[in-house]
Amino acid sequence: MKKKIKKASRPKKAYRELSARALSLGAVSARVIDAATVVTAEWVLYKCRFGCPGWGGRHSCPPRTPAPSATARMIEDYSVGVLFGGGDNEDIHKIVFPLEREAFLRGFYKAFGFASGPCRLCARCDLDASCRRPWEMRPAMEACGIDVFATARANGYKIETLKSEKECGSYFGLLLVE
Ligand code: SF4
């Protein structure tokens, strides 16, 4: 049975500063959220498996990523998140690692970030070798079973399904801290 560890409360200012840092790194919006509002679901992986041409194509993608149930248990270890939006998947990948690093250096030793979409830090992802940049590669929220729509909506973001390829999507990243 999992041992319950009492969560220490930090000054809210520290979380707000991380949110501001996400903005200074290029996020178009950022919000401090309760980690309990991050929604996971088994169906999310079915959407990756059936419909996404990137399935299995990168170290950052399923089936190499944690299952939704494992992610749900992992999120229970955190109390706070910074949910941030960016222009596209590449923007989110550029923000998430420096943001996680900064949080770690500020003393948030459990800081962990989730990106959006497949990792494109290298032009080619060699699946016969180990990830070439594991220190900065972070999996997408959806690749780990996070329901991005439900999580964004639970935190006041308007996010809708796209009706045509001409419409711009909404992209999100997430930093979990304690
Ligand atoms: S950092 Fe490079 S090797 Fe690792 S998942 Fe991303 S593209 Fe693949």
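Could you list, in sequence order, the residues of the range 105-127 that are over 21 Å from PRO68 (Cα atoms) and within 11 Å of the ligand (Cβ to nearest atom)? Walk me through it before giving the result.
Narrowing the range 105-127 to residues over 21 Å from PRO68 (Cα atoms): 105-109, 120-127.
Within the range 105-127, ARG120, LEU121, CYS122, ALA123, ARG124, CYS125, ASP126, LEU127 qualify.
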**Request:** Kindly indicate whether any position in the range 91-100 is more than 16 Å from the ligand (Cβ to nearest atom), β-branched (Val, Ile, Thr) and touching a Phe, Trp or Tyr at 6+ places or on another chain (Cβ under 6 Å).
**Result:** no
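Can you tell me which residues in the range 126-174 are of a type in the set (A, V, I, L, M, F, W, C) and part of a loop (DSSP other than H, G, I, E, B)? Even if it seems obvious, please write down each step before you answer.
Filtering the range 126-174 for residues of a type in the set (A, V, I, L, M, F, W, C) gives 127, 129, 131, 135, 137, 140-141, 143-144, 146, 148-150, 152, 154, 159, 162, 168, 172, 174.
Passing the criteria: LEU127, ALA129, CYS131, TRP135, MET137, MET141, ILE159, LEU162, CYS168.
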**Request:** Output the qualifying pairs, or none if there are none: Cβ atoms under 6 angstrom, residues six or more apart or on different chains, first residue in the range 41-69 and within 10 Å of CYS144 (Cα to Cα), second residue of a type in the set (D, E, K, R).
**Result:** ALA41/ASP147; VAL44/GLU142; VAL44/ASP147; PRO68/GLU42
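This table checks each residue for (1) among the charged types (D, E, K, R); (2) in contact with a Ser or Thr (Cβ under 8 Å, 6 or more places away or on another chain); (3) within 29 Å of PHE149 (Cβ to Cβ); (4) surrounded by fewer than 20 Cβ atoms within 10 Å (Cβ to Cβ).
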{"residue": "GLU102", "(1), (2), (3), (4)": "yes, no, yes, yes"}
{"residue": "PRO118", "(1), (2), (3), (4)": "no, yes, yes, no"}
{"residue": "ARG124", "(1), (2), (3), (4)": "yes, no, no, yes"}
{"residue": "ALA129", "(1), (2), (3), (4)": "no, no, no, yes"}
{"residue": "ARG132", "(1), (2), (3), (4)": "yes, no, no, yes"}
**Prompt:** Can you name the number of the only condition in (1) within 23 Å of ARG120 (Cβ to Cβ); (2) touching a Ser or Thr at 6+ places or on another chain (Cβ under 7 Å) that GLY87 fails?
**Reply:** (2)
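Every residue, every condition in (1) under 17 Å from SER19 (Cβ atoms); (2) modelled with pLDDT of 95 or more; (3) small (Gly, Ala, Ser), yes or no:
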| residue | (1), (2), (3) |
| --- | --- |
| ASP77 | no, yes, no |
| GLU100 | yes, yes, no |
| ALA111 | yes, yes, yes |
| PRO134 | no, yes, no |
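The values are calculated or read from the model by the stated rules, or taken from the named source; none is laboratory data. Everything numeric here is computed off the predicted structure, so don't read it as measured data. No Cβ is skipped: glycine too gets one built from the backbone with ideal geometry, and neighbour counts run over all protein chains shown.
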